[in-house]
Ligand SMILES: Nc1ncnc2c1ncn2[C@@H]1O[C@H](COP(=O)(O)OP(=O)(O)O)[C@@H](O)[C@H]1O
Ligand SMILES: [Mg+2]
């Protein structure tokens with residue numbers, strides 16, 4: 001069998017807070033294979049975002065190991081981690097996190113600048129992914145000229161632009177109405193069907209139903225991990 005794309009053993013994460021230490025993740029073991037579609041659920045404060053930030057190389061664990069696509073990222077320094085993140089991870093946030101005064105095209109092309117591609121190949125690829133997410137006619141629009149659903153589509157296109165190994169989405173429909181949420185989830189379904197590994201956080205059962213595996217966190221530990229249906 002091929003090795004998992006994510007292999008986590010005994011991950012903990014704690015934060016100093018004044019004279020105390022807040023223990024957020026208390027020993028997480030997790031393997032995720034290429035091509036899986038996973039929903040991460042759990043009550044508010046259970047550690048979902050903390051775990052996603054570690055999975056997405058935005059943060060490192062206090063202890064434990066994280067092998068991402070064969071590389072041990074748990075002890076990497078910030079600059080090394082930033083490079084891995086740009087290459088391996090596409091991250092979608094609840095609040096879209098787009099550059100406000102920048103067109104959809106340039107928002108999507110941005111991660112390719114860091115990856116060292118020239119302008120011509122950046123524009124070509126950004127056009128392709130924006131077309132894929134249904135925004136061929138909105139390339140020159142700035143975020144404030146787009147609806148919430150369209151902004152999230154731009155963010156999804158940006159996440160895809162560098163051909164990452166994994167797409168991570170932390171409550172990607174959290175700021176969207178229910179109709180737009182369904183449209184965005186259909187887009188994630190399509191991205192998964194194209195062969196991508198997708199992990200998303202949600203607290204809505206309807207949203208989680210799109211995934212094929214549901215992991216539930218409780219109080220910084222995995223409470224359950226089951227195939228969907
Ligand atoms: N930087 C931090 N410093 C102190 N506590 C934190 C920090 N980040 C998260 N926490 C705490 O960790 C717990 C889990 O947070 P989080 O991972 O955001 O939960 P979730 O995404 O499941 O709602 C919360 O109690 C939160 O207050
Ligand atoms: Mg969260």
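The values are calculated or read from the model by the stated rules, or taken from the named source; none is laboratory data. Note that this is a predicted model, so its numbers are computed, not measured. Because the Cβ atoms are built from the backbone with ideal geometry, glycine has one as well, and the counts that use them run over all protein chains shown.
The table below lists the values:
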| quantity | calculated |
| --- | --- |
| Filtered residue count, region 123-155, keeping only those that are in a helix (DSSP H, G or I) and out of contact with any strand residue (DSSP E or B) (no Cβ under 6 Å at 6 or more places or on another chain) | 20 |
| Only one of 199, 214 that is touching a strand residue (DSSP E or B) at 6+ places or on another chain (Cβ under 9 Å), outside any helix (DSSP H, G or I), crowded, with 21+ Cβ neighbours inside 10 Å and in contact (Cβ under 8 Å) with a residue 12 or more places away in the chain | 199 |
| Residues satisfying the stated conditions in region 165-196, i.e. under 10 Å from the mean Cα position of the chain (by Cα) and either surrounded by fewer than 21 Cβ atoms within 10 Å (Cβ to Cβ) or within 16 Å of ligand 1 (Cβ to nearest atom) (or both) | 168, 169, 170, 171, 172 |
| Positions within region 44-65 being more than 7 Å from ligand 1 (Cβ to nearest atom) and either over 12 Å from the mean Cα position of the chain (by Cα) or on the phi > 0 side of the Ramachandran plot (or both), in sequence order | 57, 59, 60, 61, 62, 63, 64, 65 |
| Residues of region 4-42 classified as within 12 Å of ligand 1 (Cβ to nearest atom), modelled with pLDDT of 95 or more and outside any strand (DSSP E or B), total | 1 |
| Options 25, 51, 58; residue that is within 14 Å of ligand 2 (Cβ to nearest atom), surrounded by fewer than 18 Cβ atoms within 10 Å (Cβ to Cβ) and within 19 Å of residue 200 (Cα to Cα) | 58 |
| Pairs, first under 12 Å from residue 218 (Cβ atoms) in region 38-53, second assigned to a helix (DSSP H, G or I) and more than 8 Å from ligand 2 (Cβ to nearest atom), C-beta under 6 Å, six or more apart | 41/208 |
